[in-house]
Amino acid sequence: MRRSRLLRGPAPVLALVLTAAVVGGLQGGFTDLFVYRYGGRAVLDGLPTLQSADPVTGLWFTYPPFGAVVMVPVALMPAWIAAALWTGASVGALAAVVVLVRRSLGRPAPGWWVALVTAGAIALEPVWQNLAFGQVNAILMLAVLVDLVLPERRWTGVLVGIAAGVKLTPLVFVVLLLLVGRRAAAGRAVLTFFATIVVGFVMMPTYSTTYWTDRLLDASRVGPPALAHNQSVYGALTRLLDGPPPTLLWLAVAVPLSVAVLVVGAGWWRRGDRVLGTCLGALAMLLASPISWSHHWVWVVPVALALWERSRWAAAGWAAVFVARPILWPPYGHNREYGWSAFDHVVGNAYLIAAVLLAAWAAATLDRRVRPAGPAQSPVGVGTGCGGRGPR
């Protein structure tokens with residue numbers, strides 16, 4: 001009985017997070033975490049970040065100025081401590097996402113199950129890449145899900161605004177909030193986002209001016225858009241046309257497609273399935289962004305959990321795409337994507353195609369009777385409920 005209670009409680013998840021932290025501290029050398037630390041150090045030293053690259057990796061800090069400000073604590077730590085805490089926090093955020101989704105669907109989330117699913121999720125290419133680069137995506141995903149999946153609170157929308165201040169693409173969720181009639185939350189998100197801009201100008205006026213007036217719309221600043229890892233409409237068009245597409249063509253394809261996915265997501269959200277609705281909003285975000293590197297697709301995890309409640313086969317098929325990582329089957333890198341065959345374009349855009357197919361299924365089944373999701377709960381107290389929670 002005592003062992004059973006231990007397994008159902010938070011101990012397995014805490015053990016997993018601790019293990020991840022130890023491995024992260026020993027491994028170190030996470031490319032994007034180095035750049036984050038450089039951005040934070042630039043704030044402390046008053047450096048104009050865009051005028052020089054990180055001396056360790058040779059990469060530029062490409063996030064909004066507020067992103068550098070929030071990295072100040074990471075810059076103050078020794079590298080190995082930063083790597084340990086960052087890896088542990090990323091795995092902890094992933095576990096919290098699992099709990100939040102399960103509980104919002106009215107399903108049990110015992111600690112052993114959460115730890116097992118979280119550990120298994122590392123086999124998914126986006127999750128593995130997120131950890132290997134020391135990326136921030138899992139943490140931002142948790143922030144967005146807390147804001148959109150849990151019942152509305154007085155501060156709902158603030159986390160979306162902060163996430164957008166760190167990485168612009170979460171602004172898509174403001175549109176989703178408006179579509180589902182949460183105008184107050186959308187307003188708080190926008191106000192918070194503008195507050196992050198003000199903070200950036202106060203702390204880094206030179207970088208802020210350069211970023212918002214010169215570099216914002218330059219997709220190439222974060223890497224070659226043709227690279228296979230860029231699973232966005234812009235990336236697919238770049239590979240197909242052997243060069244960056246005209247802006248009007250990109251917008252003509254990406255905007256209607258992303259808006260359609262957002263509308264479908266809003267429909268599911270209003271019918272009681274906030275998880276699937278929010279996940280579809282995330283897919284719209286990934287489709288719309290000029291650059292959606294494969295590690296941005298950590299949203300594969302909540303999507304798989306949402307699908308599991310409807311079709312085990314669909315969930316398994318969805319996850320299999322991201323375990324098999326077909327986007328890397330054709331030759332890639334050094335502009336080899338420009339020589340792809342028709343088959344290469346199909347498998348090389350697998351994440352993008354999987355998202356479009358999922359959105360089409362969601363649209364086709366939207367008018368059917370949707371079982372209202374269970375009451376959303378907080379991820380605090382992991383495993384104790386229901387049964388028994390540039391860098392690119």
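Each reported figure results from applying straightforward, stated rules to the coordinates on display, with no laboratory input. All figures in this text were calculated on a predicted structure; none of them were measured in a lab. Cβ: placed from backbone, ideal geometry, glycine included. Neighbour counts: every protein chain shown.
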Next item on the list: Show me 139-145, 278-284 ranked by packing, highest mean number of other Cβ atoms within 10 Å first.
Entry: 278-284, 139-145
Notebook entry, point to check: How big is the range 1-216 on each of its three principal axes, counting only the C-alpha atoms and giving the largest first in Å?
Noted result: 61, 47, 26
Item checked: Listed peptides 289-298, 58-67 by packing density, highest first (mean Cβ within 10 Å) -> 289-298, 58-67
Notebook entry, point to check: Using only helices, what value at 222 nm comes out for the chain when you add -39,500 (n - 2.57) per DSSP H run of length 4 or more and divide by the total residues, to the nearest 500 deg cm²/dmol?
Noted result: -19500 deg cm²/dmol
Next item on the list: Return the long-range amide H neighbours of residue 228 (sequence gap of 5 or more, or a different chain), with a cut-off of under 5 Å between placed amide H atoms.
Entry: 333
